[in-house]
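These notes concern the structure reproduced below.
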Amino acid sequence: MALAVSSSSTASASAPPPLQPRRNWHRLRLIALIALAVVGLLLGQLAVTVPHLLQSVAPAWIKDKTGRVLRVGQASFNPFTLHLVASEVSLKDGGATLASLHELELRGAWSSLFNVAWTVDKLSLTKPEINARIGKDGSIDWQRFVDAFPKSDGPPSSTVPRVLLRNVTVDQGSVRLIDEREAAGRDRLTLTPLSFSIEKLSTLPRDRGDYSLEATLNDQTRVHWQGRVGLNPIESSGELTVSNLPLARAAALAGVALPVALEGTAALRASYSAAFGTDVAAAGIGGGVLEVNALRATQGGDAAAVQSLRIAPLSASWAKTRIDGREQQLFRSEEHTSELQSH
């Protein structure tokens, strides 16, 4: 009997240890659930905090530091998908509107943690409008706005922020430069409607993105650009087409005072490449075609007219280097042929 009791006691004493791993597993699972709950609460709090920052904190800070009025009509943020929507946004300087935006839609990416860069998978701007005004004293309102921000006492940073933007679209945008000086026309420059898309915009080293841009100026000039751009280092290549450009506007934009008055339109198509670094800068165009239609030049009572003028190919290159503190520049232009048709 004693042996039987001893055997039973030994068996019962050895039974509990297998329950210990289960207790540890339940404890770990409880800790994980608590951690997930805390993270969920924090993310849920962001759904309230981010709109509050956009609609209340940011406008108050802008008003305090610059005196301008920022208004965000509506805002929402999903912290799980990083989806942000803001609408009816405006920035005003007194009675003048510096900028406005019908809607902004942004979708961030959790891959920011792996890229070690601010990463956005989608950025859409609907009806953005930027207005710049040159006052009667020659000052620009946007420059005054920027200068109103507090200045840092430290040296400016020499590094480019790490940013990766994908699928950027601008729909029905406009840019206006208004000159209030007496000697200048009020609407000095208007770009509208301005719509373009950018597949990728990156400041990561050696990263390049594809871009396209279509715009109609207020004088009905059409601009189409498609190419690639890298920001670190700065480089770009692509194709540019400008059509229906009034010759009088072209001379005014170039700041050239001509002895004759010009009528007619010009069109330009060319491929280009450009790169800019600390000690080198280079740019070039190739395979370009310049066409001028309905050209008419007048001076007093004299006039001359040309039905069409075509110059091709337009090819030129320019480079500047700095070696041991000394700058060297090189310019090269290839020969071209001209075709002229007169009335």
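The values are calculated or read from the model by the stated rules, or taken from the named source; none is laboratory data. Note that this is a predicted model, so its numbers are computed, not measured. All Cβ positions, even for glycine, are placed from backbone atoms using ideal geometry, and neighbour counts span all protein chains on display.
Data overview
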| item | result |
| --- | --- |
| Test for SER124: is it part of a strand (DSSP E or B), within 30 Å of LEU177 (Cα to Cα) and either in the same structural domain as VAL175 (by TED's automatic domain parsing) or of a type outside the set (Asp, Glu) (or both) | yes |
| The stretch 84-121: number of residues that are in a loop (DSSP other than H, G, I, E, B), without any contact (Cβ under 8 Å) to a residue 24 or more places away in the chain and within 23 Å of SER197 (Cβ to Cβ) | 1 |
| Hits in the stretch 103-135 (condition: closer than 17 Å to SER174 by Cβ and either loosely packed, with under 15 Cβ neighbours inside 10 Å or not β-branched (Val, Ile, Thr) (or both)) | GLU103, LEU104, SER124, LEU125, LYS127, PRO128, GLU129, ASN131, ALA132, ARG133 |
| Verdict on LEU54 being outside any loop (DSSP other than H, G, I, E, B), buried (at least 17 other Cβ atoms within 10 Å of the Cβ) and touching a residue at least 24 places away in the same chain (Cβ under 8 Å) | yes |
| Strands (runs of 3 or more DSSP E) wholly inside the stretch 219-280 that include at least 1 residues being surrounded by 17 or more Cβ atoms within 10 Å (Cβ to Cβ), at pLDDT 80 or above and assigned by TED's automatic domain parsing to the domain that holds ALA303 | 234-246, 261-276 |
| Condition met for ALA60 (at pLDDT below 95, outside any strand (DSSP E or B) and not hydroxyl-bearing (Ser, Thr, Tyr)) | no |
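Residues checked against (1) hydrophobic (A, V, I, L, M, F, W, C); (2) at pLDDT 85 or above; (3) more than 16 Å from the chain's Cα centre (by Cα):
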residue	(1), (2), (3)
ASP93	no, yes, yes
LEU106	yes, yes, no
LEU123	yes, yes, no
TRP142	yes, yes, yes
GLY154	no, no, yes
SER157	no, no, yes
ARG162	no, no, no
